[in-house]
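Asker: My questions will all concern the structure given below.
Please treat every number below as a calculation from the coordinates, not as lab data. The shown structure was predicted, so the numbers you read here are calculated from the model rather than taken from an experiment. A quick note on method: Cβ atoms are made from the backbone with ideal geometry, for glycine too, and the neighbour counts reach across all protein chains shown.
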Amino acid sequence: MRWRSVCRLARRLPEVEDGRSYGVRVIRVRGSFIARLAADGCSIVVKSGALERERLCHRRPDIFAPAADDPTGSMMMVRLATIDTTELWPVLAGSWRRSAPATLVAASDPVSSEPRAPDR
């Protein structure tokens, strides 16, 4: 999967936009961070809950890892070469929920519109 595909998938979520912040490619909802392209260009960094991060990193260490440059422990690295759309969608939707205003989250249900076909 490439950054373009990640952006296309993320734009299925309400009010998502992609762009740059301090020269880094990012995805946002109403100006709040959802994901960014990692420095290696082959991974993304997303917001995650502690339990989700622990579970995914333990279950799929080939795809998920704690973000090394995150002092708060609220970010997770996702390797794009080894993930498909169906695995990435709930991760992006979860990051969206953590970033979107509560009123927008309450008015939307992004998980119900899961994509069907893998996109690499």
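Asker: Please give the peptides 88-94, 78-84 ranked by average Cβ packing (other Cβ atoms within 10 Å per residue), highest first, as a rough proxy for protection.
Answerer: The peptides rank, most packed first, as 88-94, 78-84.
Asker: By how many nm would the segment from Val24 to Arg4 grow when fully extended, if each residue of separation counts as 0.36 nm and the alpha-carbon distance is taken off?
Answerer: Net length gain for the segment: 5.8 nm.
Asker: Moving on to the next point. How large is the helix-only mean residue ellipticity at 222 nm for the chain, computed as the sum of -39500 (n - 2.57) over DSSP H runs with n ≥ 4, divided by its residue count, in deg cm²/dmol to the nearest 500?
Answerer: Mean residue ellipticity, 222 nm, calculated: -9500 deg cm²/dmol.
Asker: Pairwise over distinct Cα atoms, reciprocal of the mean inverse distance: report the Kirkwood radius of the range 3-96 in Å, one decimal place.
Answerer: 13.1
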